[in-house]
Amino acid sequence: MPSCRRFLGALGLLVLAMFVPCSAAAQISVEDALSFSFASGLVAWAHGDRIAWIENDQGARNIWVAEGPSWSGRALTRYPDDDGQELSSLTFTPDGAHMLYVRGGAPNRAGEVPDPLYTPGAESRAVWIVATSGGEPRKVLDGGAFALSPDGERIAYGKGREIWLLGVATGAKATKLATVRGGPGSLTWAPDGSSVAFVSDRGDHAFIGLVDPGSGAVRYLDPSLAHDGSPAWSPDSRRIGLIRIPNVRDQLPFAPVREAVPFSVRVVDVATGVGREVWRASDGRGS
């Protein structure tokens with residue numbers, strides 16, 4: 001927000017004044033400090049020499065792209081205002097012709113979002129798509145996290161305790177795949193498109209689940225009473241790697257945790273659902 005940017009700009013000038021000679025520091029104004037842009041969220045197209053990133057210019061966030069061999073950057077979106085709206089989850093379609101992204105931030109515990117023009121009760125985030133050749137972005141759906149299918153034709157997303165599928169083509173209708181316990185998150189397609197992995201968060205523990213995009217059938221892999229997360233597929237879609245964090249009860253809130261039951265990395269056979277530990281953190285501090 002403007003007030004926040006001005007505070008950070010003033011803080012930056014104070015830091016500069018500590019290290020820059022007075023004659024040089026006197027030539028830098030608050031407006032000068034706020035005029036610098038910065039980039040973040042760099043992603044690359046997997047099948048060609050094209051990259052994209054988020055450019056923050058005086059609080060106005062936009063997506064930029066560049067192609068080789070010249071690598072000359074150009075704006076893909078043109079949001080003009082410093083309105084607090086985040087951009088995230090930049091995703092190229094497999095053919096590189098379109099870019100999907102999320103615009104808007106998640107609400108805090110009080111239900112407030114970083115948009116001063118936000119209408120209470122409205123969705124604060126949405127998934128958008130825009131052609132990498134240019135043009136106007138089109139809203140795909142209201143919501144945040146999504147996973148694009150390997151063929152680039154569908155996205156999977158969570159909605160409450162449900163998992164949904166939606167085609168990215170104009171006018172496509174969403175279909176509900178499954179209803180699961182816990183909030184489904186970290187949706188990840190198998191490279192061959194046969195399954196969608198997700199994390200089923202149950203509060204004091206979490207499972208890695210699989211849902212069939214054709215039948216909607218759900219099953220869980222290597223379940224335990226620990227917190228399983230960060231599912232990652234092998235290239236042949238036959239195995240999933242995950243991080244397992246043991247369930248530690250009776251922790252005091254806001255207290256430092258220097259050591260605990262060590263976390264581990266596991267690999268699960270998708271066909272059998274049986275997992276094995278491939279690495280475990282050492283006992284003691286940092287475990």
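The values are calculated or read from the model by the stated rules, or taken from the named source; none is laboratory data. No experiment lies behind these values; they were computed from the predicted model shown. When we count neighbours, we look across all protein chains shown, and the Cβ atoms used for this are built from the backbone with ideal geometry, even at glycine. Surface areas here come from the heavy atoms of the whole protein model, side chains and all, with no ligands, DNA or RNA. Shrake-Rupley method; radii C 1.70, N 1.55, O 1.52, S 1.80 Å.
A few remarks follow.
- For the stretch 160-285, the Kirkwood estimate of the hydrodynamic radius, built from every pair of different alpha carbons, is 15.8 Å.
- Residue 28 - accessible surface, heavy atoms, 1.4 Å probe, Å² rounded to 10: 60 Å²
- Each listed q (0.14 Å⁻¹) maps to a log10 I(q)/I(0) for the stretch 152-229 from the Debye sum over equal C-alpha point scatterers, namely -0.43.
- Subtracting the Cα-Cα distance of residue 153 and residue 139 from 0.36 nm times their residue separation leaves 3.5 nm of extension gain.
- Under a 5 Å amide H cut-off, with hydrogens placed 1.01 Å from N, residue 227 pairs with 206, 245, 247 among residues at least 5 apart or on other chains.
- Between residue 39 and residue 194, the FRET efficiency from the beta-carbon distance, with R0 = 30 Å, is close to 0.25.
- Under 19 Å of direct C-alpha separation, and excluding same-chain neighbours fewer than eight residues apart, residue 173 reaches these aspartates and glutamates: 123, 142, 151, 153, 162, 212.
- Placing unit charges on each Cβ (+1 for Lys and Arg, -1 for Asp and Glu) gives the stretch 105-218 a dipole about its Cα centre, and among 184, 146, 135 the Cα reaching farthest toward its positive end belongs to 184.
- Along principal axes, Cα extents of the stretch 44-97, largest first, whole Å: 34, 22, 13
- Extension gain for residue 236 to residue 260 (0.36 nm times residue separation, less C-alpha to C-alpha distance): 5.2 nm.
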